[in-house]
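Engineer: Pasting in a structure now, in structure tokens, and then I'll have a few things to ask.
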Amino acid sequence: MSLKIGKHFEVYRFTETVDASERIPIILGVGRAFGSGDHETTSSCLEELENIPLIRGAKVLDVGCGTGILSIAAAKMGARQVIALDPDHKAIKVTMASIRLNRLENKIIPRKGELKGVEDSDFDVIMSNLYGHLLLELVRDLSIRLRAGGYLLLSGILYEYAYDLKRALSQTGFDLLKARYLEEYTTLLFKKK
């Protein structure tokens, strides 16, 4: 059964038939990786992604891409290029299957590796649905890869890490645009000064 998320998205498993509707379909490939759309952190990221004004034509980095669900959503919202990054080869395999199912091979580049291996420093949007303690360790690396005026969308943050992450990013030159407190986790949207 498909899952409707936000105003625009509808998530399907690879075994489901995609309905002709006004919603943007996201088809997920077979395999085990995080990001099916039914977890509160993934669905809140998709909902916030809908509201980022410069997504059309943007260069996007998805850190810890899992199934590739956020990368696919960004590409289908009009991003010109998305790098889907994950250190887990199984996640990259699922992401590659999802990219093919959505016919986005020309927009999404799956890459196995860590953030420190990404040399680009001109991303318009960076999104990451990782645990808060991991995001705290990546503050500097995220900051240097995002251009001024770019958006940083983070989720997977347990409440106890939200304050420290907001403070660390504020001290690194980010304005907090939105904080969504979910059942267990927090989703944060920042803009780099």
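Engineer: May I ask you to verify whether residue 183 is modelled with pLDDT under 95 and either under 15 Å from residue 121 (Cα atoms) or among the acidic types (Asp, Glu) (or both)?
Structural biologist: When the stated conditions are applied, residue 183 passes them.
Engineer: Exactly one condition in (1) in a loop (DSSP other than H, G, I, E, B); (2) of a type outside the set (A, V, I, L, M); (3) in contact (Cβ under 8 Å) with a residue 12 or more places away in the chain is false for residue 111; which is it?
Structural biologist: Exception for residue 111: condition (1).
Engineer: Also, quick follow-up: Within segment 146-170, which residues are under 16 Å from residue 55 (Cβ atoms) and either small (Gly, Ala, Ser) or at pLDDT below 95 (or both)?
Structural biologist: 149, 150
Engineer: A further question follows. Mind counting the residues in segment 135-153 that are touching an Asp or Glu at 6+ places or on another chain (Cβ under 8 Å) and assigned to a helix (DSSP H, G or I)?
Structural biologist: 2
Engineer: For segment 106-133, give me each residue that is more than 15 Å from the chain's Cα centre (by Cα) and closer than 17 Å to residue 158 by Cα.
Structural biologist: 133
Engineer: Within segment 1-105, considering only helices (runs of 4 or more DSSP H) that don't extend past its boundaries, which have at least 2 residues that are open to solvent by 70 Å² or more (accessible area, probe 1.4 Å) and either modelled with pLDDT under 95 or closer than 27 Å to residue 137 by Cβ (or both)?
Structural biologist: 89-101
Engineer: Could you list all residues from segment 115-126 that are under 16 Å from residue 71 (Cα atoms) and either of a type in the set (D, E, K, R) or open to solvent by 70 Å² or more (accessible area, probe 1.4 Å) (or both)?
Structural biologist: Result: 124, single match.
Engineer: Right, another one. Does segment 17-26 include one or more residues that are touching a residue at least 60 places away in the same chain (Cβ under 8 Å) and either touching a Ser or Thr at 6+ places or on another chain (Cβ under 7 Å) or of a type in the set (A, V, I, L, M) (or both)?
Structural biologist: Looking for residues that are touching a residue at least 60 places away in the same chain (Cβ under 8 Å) and either touching a Ser or Thr at 6+ places or on another chain (Cβ under 7 Å) or of a type in the set (A, V, I, L, M) (or both), one finds at least one in segment 17-26, hence yes.
Engineer: Looking only at residues in segment 140-160 that are closer than 16 Å to residue 177 by Cβ and aliphatic (A, V, I, L, M), which one is most open to solvent (accessible area, probe 1.4 Å)?
Structural biologist: 148
Engineer: A further question follows. I'd like the full set of residues that are acidic (Asp, Glu) and under 17 Å from residue 65 (Cα atoms), limited to segment 127-179.
Structural biologist: 141
Engineer: Condition test on residue 132, is it of a type outside the set (Ser, Thr, Tyr), surrounded by fewer than 24 Cβ atoms within 10 Å (Cβ to Cβ) and at positive phi?
Structural biologist: no
Engineer: I'm checking my understanding of the structure. Among residues of segment 161-193 that are open to solvent by less than 60 Å² (accessible area, probe 1.4 Å) and among the small types (Gly, Ala, Ser), which one is farthest from residue 148 (Cα to Cα)?
Structural biologist: 162
Engineer: Please tell me if residue 137 is out of contact with any strand residue (DSSP E or B) (no Cβ under 8 Å at 6 or more places or on another chain) and open to solvent by 80 Å² or more (accessible area, probe 1.4 Å).
Structural biologist: The answer is yes for residue 137.
Engineer: Look through segment 114-134, keep the residues that are assigned to a helix (DSSP H, G or I) and out of contact with any strand residue (DSSP E or B) (no Cβ under 7 Å at 6 or more places or on another chain), and return whichever of them is farthest from residue 57 (Cα to Cα).
Structural biologist: Step by step, filter segment 114-134, then rank; the result is 133.
The values are calculated or read from the model by the stated rules, or taken from the named source; none is laboratory data. Source: prediction; values computed, not measured. FYI the Cβ positions are ideal-geometry reconstructions off the backbone, even for glycines, and counts take in every protein chain you see. SASA here: full protein model, heavy atoms, side chains in, ligands and nucleic acids out. Shrake-Rupley method; radii C 1.70, N 1.55, O 1.52, S 1.80 Å.
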